[in-house]
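Student: To start, I am sharing the structure in question, which I have written as structure tokens.
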Amino acid sequence: MTDSTKLPEPEEGSEPEAQSSAGPADTVPEPGDGPSTDPEGFVPDGEAGGDGAEEPIEAKASPVRDAKVAEMQELVDERTEDLQRLHAEYANYKKRVDRDRLLARQGGIEVVILDLLPVLDSVEAAREHEELVGGFKLVADELEKIIAKYGLETFGEVGEEFDPQIHDALMQMPVAGDITVPTVSAVMQRGVKLNDRVLRPARVGVANPES
């Protein structure tokens, strides 16, 4: 039995039509069709979601940076205050040390002068009696130069106004004359000052004006 169904033979000069085994899946995909090959999490420009555009990293870090700068500035201010306080304390300490050193020096000089007062009184008495001659006079003059260099001076002269702050009145008597205020009429012992500080008042006799 012969098969009556025959395929038509191709015409001469024509090529047989190729049949594709790929099927409709081989068609070119349209944009948006099929699985995405973009990296995970990638969002194309203009399609970002959320509340708005993301802030740059610098903008996100600025509050932390500002806090760090404020902390460093506060530390600098504290150290500056500490240095200023130390400087003031050192200045006060230096002034106090210098003052104490000066007082100690003056105290030492004062002690030496007080010990020398009897010698100075003897020199003054010898001068009044014209006994200060020869080598003794040279020694006495040199001694007076040295003590004068340290601020020693004597006071108490006849005729000056009586001052109870620097004079010690051993006797007083009324005197007729031109005086209108109590006046030194005699000097028993001259007073001594050291840098304007009275070490010993002058012992004097005082003439008071008659009332």
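Student: Go through the range 122-152 and give me each residue that's part of a helix (DSSP H, G or I) and among the charged types (D, E, K, R).
Tutor: Glu124, Arg127, Glu128, Lys137, Asp141, Glu142, Glu144, Lys145, Lys149
Student: Among the residues of the range 153-176, count how many are closer than 12 Å to Val198 by Cβ and either part of a strand (DSSP E or B) or in contact (Cβ under 8 Å) with a residue 24 or more places away in the chain (or both).
Tutor: Residues of the range 153-176 closer than 12 Å to Val198 by Cβ: 153-156, 163-168.
Now drop any that are not either part of a strand (DSSP E or B) or in contact (Cβ under 8 Å) with a residue 24 or more places away in the chain (or both), which leaves 153-156, 165-168.
Matching residues across the range 153-176 total 8.
Student: Moving on to the next point. Which one of Gly134, Gly156 is in the same structural domain as Asp196 (by TED's automatic domain parsing) and either loosely packed, with under 12 Cβ neighbours inside 10 Å or modelled with pLDDT of 90 or more (or both)? Spell out how you get there, then give the answer.
Tutor: On the way: Gly134 fails: in the same structural domain as Asp196 (by TED's automatic domain parsing).
Unique residue meeting the criteria: Gly156.
Student: Moving to a separate point now. Suppose the filter is surrounded by 15 or more Cβ atoms within 10 Å (Cβ to Cβ) and among the β-branched types (Val, Ile, Thr); does Thr180 pass it?
Tutor: On the way: surrounded by 15 or more Cβ atoms within 10 Å (Cβ to Cβ): no; among the β-branched types (Val, Ile, Thr): yes.
Considered against the rule, which asks whether it is surrounded by 15 or more Cβ atoms within 10 Å (Cβ to Cβ) and among the β-branched types (Val, Ile, Thr), Thr180 comes out as no.
Student: Quick test of your reading of the structure: Arg127 fulfils all but one of (1) within 21 Å of Val192 (Cα to Cα); (2) modelled with pLDDT of 90 or more; (3) not hydrophobic (A, V, I, L, M, F, W, C). Name the failing condition by number.
Tutor: Among (1) within 21 Å of Val192 (Cα to Cα); (2) modelled with pLDDT of 90 or more; (3) not hydrophobic (A, V, I, L, M, F, W, C), Arg127 violates only (2).
Student: Do the conditions hold for Leu102, that is, is it part of a helix (DSSP H, G or I), in contact (Cβ under 8 Å) with a residue 60 or more places away in the chain and over 19 Å from the mean Cα position of the chain (by Cα)? Even if it seems obvious, please write down each step before you answer.
Tutor: Working: part of a helix (DSSP H, G or I): yes; in contact (Cβ under 8 Å) with a residue 60 or more places away in the chain: no; over 19 Å from the mean Cα position of the chain (by Cα): yes.
Judged against the criteria, Leu102 is not a match.
Student: Among the numbered criteria (1) out of contact with any Gly (no Cβ under 8 Å at 6 or more places or on another chain); (2) modelled with pLDDT under 85, which one does Gln84 miss?
Tutor: Here Gln84 clears every test but (2).
Student: Also, I was wondering about something else. Can you find a residue that is modelled with pLDDT of 90 or more, within 30 Å of Leu103 (Cβ to Cβ) and touching a helix residue (DSSP H, G or I) at 6+ places or on another chain (Cβ under 8 Å) anywhere in the range 177-189?
Tutor: So far as the range 177-189 goes, yes, one or more of its residues are modelled with pLDDT of 90 or more, within 30 Å of Leu103 (Cβ to Cβ) and touching a helix residue (DSSP H, G or I) at 6+ places or on another chain (Cβ under 8 Å).
The values are calculated or read from the model by the stated rules, or taken from the named source; none is laboratory data. Note that the coordinates shown come from a computational prediction; the quantities given were computed from them, not determined experimentally. As a convention, Cβ positions derive from the backbone with ideal geometry for all residues, glycine included, and neighbour counts pool all protein chains shown.
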